[in-house]
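Following: one structure in structure tokens, then a few remarks.
Derivation of every value follows stated rules applied to the coordinates shown; laboratory data play no part. Since the structure is predicted, the reported quantities are computational estimates derived from the model, not experimental observations. Cβ atoms come from the backbone with ideal geometry, glycine included; neighbour counts cover every protein chain shown.
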Amino acid sequence: MPHLHIDKFKAIDFPASVDGVDFNFIIKNANHDDELLISTTIEDDKFFLLVKNDKNKNLLKSDKLTRPASIYNVHKALLAYAKLANLEVISSNVPDSEKNVHLQEVSALKNISYFASEFPHAKDIRIEVGFGSGRHLLHQAANNPQILFVGIEIHRPSIEQVLKQVAIQNLDNLLILDYDARLFMELVPSNVVDKIYVHFPVPWDKKPHRRVISTSFIQEASRVLQVGGKLELRTDSENYYAYSYETFIAFNKTTLHINKNKDIAISSKYEDRWKKMQKNIYDVTMINEEESATLSIEGSFEFSSVELPHAKILKLHATTQKFEGGFIHFERIYKEDDRIMLRISMGSFDRPEHLYVIIEDKAARYYPSLPLKSKSNLTSHKFLDGVLNG
């Protein structure tokens, strides 16, 4: 993650601007003095920079929760703040140079709002979840120019690597998203996807609730797939294969194809390594045979008046409230003058969303953007509104 190791943090007078970067406000963790967040805006990107004392090292870095699609904008913001505050930088992994030439004209990287506002139209759409090095995704996009591909990945170096290849190969049928694939599936329209690839997902043997394949993911996959569309799981983990098979077969009606050590047109570097180790590769392919109803999600994320006193809001720190079908966990609470900000996780247990909520006077709003409009998030919002309303 990009960061600056600084001798000592210095605050500026907010708001302030330099080199096209706006610094809007600063807010402190109400329970830990070693953490500050700086609200930052660059063009259409709104995010936080994080000031953290980590093992007696003062770090200025990107906040994981709100990091923008453009890593270049993170670099720009870090350097701009250091310049404006005249910070003494001890060490840095932030390049003090122009944006990578291969990424200057790339428009393939999108944020979730791009898909939420109006999902892209195409005759055939394919989704790859966790594309890693991108070898399979890039091969498919290059060899099927008439098909729109959406690649989902949360590992930044992998995203940068694929974006570079998109520019070099001049691919215009590939979109990249840094987001939780399980949440993304909830906003995809019904019956529009040809194939969903889940190749070599993290096994999560010790945390099975984090696995991509789950009952809810399969339900959403069945909904978004066209009749005859396929969900393709490929894994080297016998535990993941066995778990996935049992999850698929538990449905009242399902069509599966099972293959072992099947060769495909392109393989990842990890698959090549596993084959040399003579590890078995398992494929489970689900074929959708039914048309689904049109996706319809109604509701809003507006808050009513916040009547809960500030003292009681501060006591929500580290508490969890559960309700039927979901939960809200108050991870951290920040405070600066009359402004309170909550960092929460909310939604369903197997695919929660992490968000910030700002409270000023008796008004609350999500920041820097609204939650994904899903049924679970709308239910969670209604519950949260009730908590804050007192």
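By how many degrees, 0 to 90 and rounded to 10, does the Cα axis of helix 71-85 deviate from the longest principal axis of the chain? Value to nearest ten degrees: 10. Antiparallel beta bridges, as assigned by DSSP with both residues in the stretch 31-188, represent about 55 percent of the total such bridges. Based on C-alpha pairs under 8 angstrom that are at least 6 apart in sequence, the stretch 102-287 has a relative contact order of 21 percent.
In loop segments of the stretch 288-390 as defined by DSSP, the GluC sites (Glu not before Pro) with at most 12 further C-beta atoms inside 10 Å of their C-beta are Glu290, Glu291, Glu298, Glu302, Glu307, Glu324. When the Gaussian network model of the chain links Cα atoms closer than 10 Å, the mean-square fluctuations of Asn56, Asn86, Asn73 top out at Asn56. Of the beta bridges in the stretch 102-287, as assigned by DSSP with both residues counted there, near 35 percent are antiparallel. Distance from the alpha carbon centroid of the stretch 226-261 to that of the stretch 105-156 works out to 23 angstrom. Computed over the chain, the per-residue total of -39500 (n - 2.57) for DSSP H runs of n ≥ 4 gives a 222 nm mean residue ellipticity of -7500 deg cm²/dmol, rounded to 500.
Treating r as the C-beta distance of Lys262 and His5 and R0 as 41 Å, the FRET efficiency rounds to 0.30.
Please give me, ordered by residue number, the trypsin sites (Lys or Arg not before Pro) of the stretch 141-245 that lie in loop per DSSP and have at most 13 other Cβ atoms within 10 Å. Taking the stretch 141-245 and a limit of 13 other Cβ atoms within 10 Å, the loop trypsin sites (Lys or Arg not before Pro) found are Lys206. About its Cα centre, the chain has a charge dipole of approximately 1060 debye under the convention of +1 per Lys or Arg Cβ and -1 per Asp or Glu Cβ, with nothing else charged.
Relative contact order, whole percent, for the chain stands at 13, derived from Cα pairs under 8 Å and 6 or more residues apart. Dividing the Cα radius of gyration of the stretch 156-253 by 2.2 N^0.38 Å, with N the residue count, gives 1.20. Compared with the dominant Cα axis of the chain, that is its longest principal axis, helix 156-169 is turned about 60°.
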